[in-house]
1. Among the residues of segment A:397-423, which ones are more than 20 Å from residue A:373 (Cβ to Cβ), free of Cβ contacts under 8 Å to residues at least 40 places away in the same chain and surrounded by 15 or more Cβ atoms within 10 Å (Cβ to Cβ)?
2. Would segment A:294-306 turn up any residue that is in a helix (DSSP H, G or I) and under 22 Å from the mean Cα position of the chain (by Cα)?
3. Which of the numbered conditions does residue B:35 fail, given that it passes all the others? Conditions: (1) in contact (Cβ under 8 Å) with a residue 12 or more places away in the chain; (2) within 22 Å of residue B:313 (Cα to Cα); (3) surrounded by 10 or more Cβ atoms within 10 Å (Cβ to Cβ); (4) over 22 Å from the mean Cα position of the chain (by Cα).
4. Of the residues that make up segment B:20-30, is at least one in contact with a helix residue (DSSP H, G or I) (Cβ under 7 Å, 6 or more places away or on another chain) and over 15 Å from residue B:298 (Cα atoms)?
5. Kindly provide the set of residues from segment A:21-55 that are under 22 Å from residue A:81 (Cβ atoms) and surrounded by fewer than 16 Cβ atoms within 10 Å (Cβ to Cβ), ordered by number.
6. Do we have any residue at all in segment B:155-171 that's closer than 29 Å to residue B:300 by Cα, free of Cβ contacts under 8 Å to residues at least 24 places away in the same chain and loosely packed, with under 14 Cβ neighbours inside 10 Å?
7. Kindly indicate which of A:244, A:164 is in a loop (DSSP other than H, G, I, E, B) and under 22 Å from residue A:573 (Cβ atoms).
8. Keeping to segment A:95-146, report how many residues are within 21 Å of residue A:73 (Cβ to Cβ), at pLDDT 90 or above and more than 7 Å from chain B (Cβ to nearest Cβ).
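The values are calculated or read from the model by the stated rules, or taken from the named source; none is laboratory data. Keep in mind that this is a model prediction, so the values were computed, not measured. Glycine also receives a Cβ, built like all others from the backbone with ideal geometry; neighbour counts cover every protein chain displayed.
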């Protein structure tokens, strides 16, 4: 897949986009989501389209098959599918311009799913919840090939086996909601592969998945591609994934392709400043923050201030009517953890590992089923938060604050930024109106927002700015501990370091301690002094971040780390992946 | 899984029916006095002398002096054996009085339900898929008029139009020659030729609201990712919409069986009066006014049972159509 395979086919693309332009027509005029994009896809090669949110990469991929939802429409350009260069080749030369076809015509429908197939980001919602897996996968076969129901079912079975779904005979009659996210994505892939497509368009297929599952899905796509010589258009925002699978890269920004090239060229000699910035922010994230290391030298970490002593949280366990015990879900299983003052502690784990629940228990937003939460307040007094009532928790809740993941839904859209930030102060009731206003101005400045933000509403701000507002709200009552729950996960990479730097800045000025909950090892490595790895409600490993990342002890940590894609194409295939199977 | 679900649902319906029968009985015993007081009052009004001793004897015979729970147990015991008691007013067994009227009511309700679905489903789908088109606006306007017009008024208008402009007989469910005739194919045909007017009248507002519900639900589903997935598969627009979003948006349609059924039967009272339909509504109203408790009780009980059965049917259909429900 390197330079050697650049044979004659290299110059003969199977799908060519020429000056593709897609517009969204609104009352305020047309907005160009895709602006004059030209790309080439080659058989057996993977073209990665990278870009941050809103760069138009997803709309571009949908434009090819003309399945952009209204009010979007393809405004111009060509998408030439060279059918004669594929396995489906007839006798003569056959090139179809997909954009010339009527989006509802039979001609384009017969190409969708057969010559060009797609996989989407959300495995949860991209499959119909009320149709069986076998039906949805088999439908793709029966649409394009005159096969009997029985044959289609047999082929579906084969496809499910090919995408490594365990027990395909049972899975074929199951519904999507009986599957995990990874299994659903496998089913999606099976559906896309149903008619051996020439071109596979994968729109962020692994973004919603955990890293270990992401690694498996990427492996799967690659192995299928090796078998079938399919061209893959892979859309992602994750440079690690790009380095893992791309042959060629196209970087998109504001609807335009700013740079294209061979994967090594782009990673090693990026030309466009935007590509450089993108790569820098990724590379920066993979190392401990210089700033943090310097800060720790000046001000060493102090004594433990928040200790989780065998905290256990069970959801939904209760006695049923007939006295039988209904077993609850153990979300947090005897967690032992301590946060020291002036320290950043990271909690890492996959979805469903109980990391968020643990965070909420530590703040005592959730009741805990068993165990103690020992909090040492500013006067040095240690208290167990676990048995306290809401009234008694008032002060601890001011001292321990949360920043949430989604900057879009964690701010009330009907309140001004000023009101949002002032709310905890108003609730506290210590300051007068003018004093609160003064304090909000001060906080806005602290988090790097203009004072003019005071009177404006959240919708006027971008994701990064909103997260700054969340942070300002969190630090308003002079807290001592901030629990940041996936605080950077919804942000583009280039913004992540900015927000993390802001948090470090605040730590220096305000003497804060942080608990950062994340599924993203890179973010934790940058920001956290110590790390706790959670798996199925248990903390399987804790320790100094660098030590754990470099020499993980627990097998689960090893598998987690080995699955994280490295943003360096030269490292591809060098890392041995460890798969973790829990011993029961 | 599905059979287990259905079994559980059916079992749950049984205690529910008993609870409902208790409430039904409590309701009909709730007004002060009993049939005999009403009877006495009517007699007194017409100047007849009321013999207290005879009333007491009657009261004892009917068991009106017994405590509530005893009366209930006697009644429900009879009902379980198919004996609904005697109608005081008509001096006939209740069973004889109500069956034909109940059957006609149910027929009318079912016909209305079918009509509602048959009209609302395609219009709802059309309105959602062609949102803000002229057709959508047209149906929306018609729908709002349909929702806002009271049934009885609509009945009067329709009757007027039918009689004055077409000269056809529109009242009742049968022509006069079939009124008391035994059931035959010709009588069924006569019923069919009469039933459409009450069906349209009763179905209009339900149709209008179902169109709105279908439109709103389908609009929520039309731009879901799974629709894009199906489109990328190469399905034609029509099959795509019918197979995926419509299938999911149709749930509230099924749920309507549960509530539309009793509503159609009880809500049809005024329309039944206006059109002088031989359905259960007018008779029930009369029974209630006269405190003819066994007759009224039988109606209320049957209506409640019908709604429970309606709910049961809609729950089972929902589980058949939406696997997420039966797995929960």
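1. Scanning segment A:397-423 gives A:418, A:419.
2. no
3. Every listed condition holds for residue B:35 apart from (2).
4. no
5. A:36, A:38
6. In the first step, residues of segment B:155-171 are kept if they are closer than 29 Å to residue B:300 by Cα; the result is B:155-156, B:170-171.
After this cut, where a residue has to be free of Cβ contacts under 8 Å to residues at least 24 places away in the same chain as well, the list is none.
Looking through segment B:155-171, none of the residues is closer than 29 Å to residue B:300 by Cα, free of Cβ contacts under 8 Å to residues at least 24 places away in the same chain and loosely packed, with under 14 Cβ neighbours inside 10 Å.
7. Sole residue among the options that is in a loop (DSSP other than H, G, I, E, B) and under 22 Å from residue A:573 (Cβ atoms): A:164.
8. 1
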